[in-house]
1. Which of the residues spanning the stretch 120-144 are within 23 Å of K158 (Cβ to Cβ) and either assigned by TED's automatic domain parsing to the domain that holds I188 or assigned to a loop (DSSP other than H, G, I, E, B) (or both)?
2. Quick check on this structure: which one of S305, S324 is of a type in the set (G, A, S) and surrounded by 15 or more Cβ atoms within 10 Å (Cβ to Cβ)?
3. Are any residues in the stretch 1-20 outside any loop (DSSP other than H, G, I, E, B), loosely packed, with under 10 Cβ neighbours inside 10 Å and at pLDDT below 75, and if so, which ones?
4. Taking the stretch 125-160 on its own, how many of its residues are in contact (Cβ under 8 Å) with a residue 60 or more places away in the chain and more than 28 Å from F224 (Cβ to Cβ)?
5. Any idea which of (1) assigned to a helix (DSSP H, G or I); (2) under 21 Å from L175 (Cα atoms) is the one K223 doesn't satisfy?
6. What's the number of the condition Y376 fails, among (1) modelled with pLDDT of 90 or more; (2) surrounded by 12 or more Cβ atoms within 10 Å (Cβ to Cβ); (3) outside any helix (DSSP H, G or I)?
7. Quick check on the stretch 51-62. Is at least one of its residues of a type in the set (S, T, N, Q) and either surrounded by 12 or more Cβ atoms within 10 Å (Cβ to Cβ) or more than 25 Å from T96 (Cβ to Cβ) (or both)?
Amino acid sequence: MSEKETQATKKVALSAKAIEKMKNDSYKADIGENEGLRVYKGKTGLTSFIYRYRSPINNSLKKMKIGTFPELSLAEARIELQKLKAQRRSGICPSTYAKEEKLERLTKLQAEKEKEELHKFTVKDLIELYLTNVIEDRYVNDPRSGLKKLIRGSRKKKGQDETRRTLYGDAVKVLGHLPAEKITRKDIVQLVSDIVARGANVQAGRVLSELTLAYEYAIGLEKFKEDFANPALLAKASAKQARLKLTCTKGTRVLSDDELRRVLQWLPTSGFSAKHKQVLMITLWTGCRTGEVCEAKWADINLESRTWHIRQSKNGSERYVQLSRQCAEFIANLPNKHLEYVFQMEKSGKPLLQKTITECKWRMKHPEKMVYKQTYRPEQLWLNDMPDWNPHDLRRTVRTGLSRLGCPAEVAEAVLGHSKKGIQGTYDLHTYEKECSEWLQKWADYLDVLIHNSHF
């Protein structure tokens with residue numbers, strides 16, 4: 001090629017016609033003010049404009065492609081040539097400058113691409129990454145055997161399900177569609193405050209804690225820029241500063257007989273859903289936690305023996321709940337016995353979420369604050385003219401009511417499923433099932449008297 005470059009050529013100015021007539025694997029050079037402009041037609045017929053010059057930096061011979069003919073015309077190539085020559089006269093090497101410019105452009109494009117990817121990485125993606133890679137069990141391919149290998153999550157199955165419900169029920173619902181990098185301290189503080197406003201302080205604390213861990217995990221995987229600050233962690237500091245209570249307050253609320261009568265008379269016409277009403281009534285008959293009632297399975301209920309087997313309670317132990325005649329008849333009349341759960345949600349197939357009860361309560365208390373206003377009749381609204389109460393207060397009311405009826409303390413505690421403390425818990429293994437059945441029946445009869453045999 002070097003020989004062909006030095007071939008003797010007739011020194012005439014380039015023309016478009018001459019370029020078109022060029023043979024493959026040949027050169028032509030321009031003259032005069034356009035000296036340095038060359039045209040090379042390759043073996044494949046591709047014709048390129050080339051600027052040949054000596055570097056103003058080290059006087060080395062340089063070649064730089066300007067463009068391809070005929071996409072770039074001769075006139076346009078000459079204009080570009082003059083620009084490059086002006087650069088050279090100012091002490092800039094055109095080839096080096098072009099490479100640096102290209103590198104800068106590529107760097108900028110890469111930065112924009114990374115920014116776009118960050119924008120696409122939503123809060124939902126962040127949470128799903130945390131759940132599937134940290135919290136939940138997952139299967140991976142063993143590189144040695146080629147078989148699928150089970151990797152246990154950091155939580156037990158129940159904890160895995162609860163964490164997913166916690167994050168999806170609030171964080172994903174509100175912030176899920178937003179870019180994770182755009183979420184601010186203020187956004188998360190607002191999220192937590194809204195949860196607290198509906199009376200779910202513990203849920204608010206869980207959401208904040210899990211969201212903090214989810215962000216920490218993503219930061220560890222370098223999903224964000226180096227200077228990215230965990231907004232959930234900042235929100236924690238803000239919540240602490242504002243003395244926002246995110247833990248359970250030890251309750252003391254107990255409904256009096258008059259209040260209990262009024263609640264029982266109001267409940268059938270209230271704004272609670274049918275399932276919510278049913279859960280609350282079973283809670284009142286049994287003294288169980290509303291969460292336990294929500295997760296009850298048909299397979300664990302024996303209507304003949306009037307028992308309900310709770311396989312795992314809050315304290316980790318199992319127990320048999322004795323059902324009064326009223327409660328057993330009530331459950332027997334519930335629909336959908338072919339389903340797994342007594343209170344099963346249609347779409348998900350999962351049990352009714354406990355938090356939906358408190359959410360419904362909040363809507364009945366504050367219908368004016370709802371984004372999508374729901375119309376309630378006067379009788380459906382919350383009983384705001386009496387001291388406020390929560391669903392869990394019903395469990396405390398049952399315990400207190402049993403004591404008022406004369407139920408021995410150890411039996412009343414067994415009704416609630418409380419584990420025995422200290423030495424008693426070690427040596428007294430009596431379950432008081434017969435006694436629980438007797439006193440829960442007395443309690444159900446007492447409720448009948450309160451509501452004058454009203455039907456639900």
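The values are calculated or read from the model by the stated rules, or taken from the named source; none is laboratory data. Bear in mind the structure is a predicted one, so any value in this text is a computation, not a measurement. Glycine gets a Cβ as well: all are built from the backbone with ideal geometry, and neighbour counts include every protein chain shown.
1. Correct list: E136, D137.
2. S324
3. S2, E3, listed by residue number.
4. 1
5. The one condition K223 does not meet is (1).
6. (1)
7. Among the residues of the stretch 51-62, at least one is of a type in the set (S, T, N, Q) and either surrounded by 12 or more Cβ atoms within 10 Å (Cβ to Cβ) or more than 25 Å from T96 (Cβ to Cβ) (or both), which makes the answer yes.
Yes/no matrix, rows are residues, columns are (1) exposed (fewer than 12 other Cβ atoms within 10 Å of the Cβ); (2) of a type in the set (D, E):
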{"residue": "L129", "(1), (2)": "no, no"}
{"residue": "V134", "(1), (2)": "no, no"}
{"residue": "N141", "(1), (2)": "yes, no"}
{"residue": "R144", "(1), (2)": "yes, no"}
{"residue": "I151", "(1), (2)": "yes, no"}
{"residue": "K158", "(1), (2)": "yes, no"}
{"residue": "E162", "(1), (2)": "no, yes"}
{"residue": "K182", "(1), (2)": "no, no"}
{"residue": "V192", "(1), (2)": "no, no"}
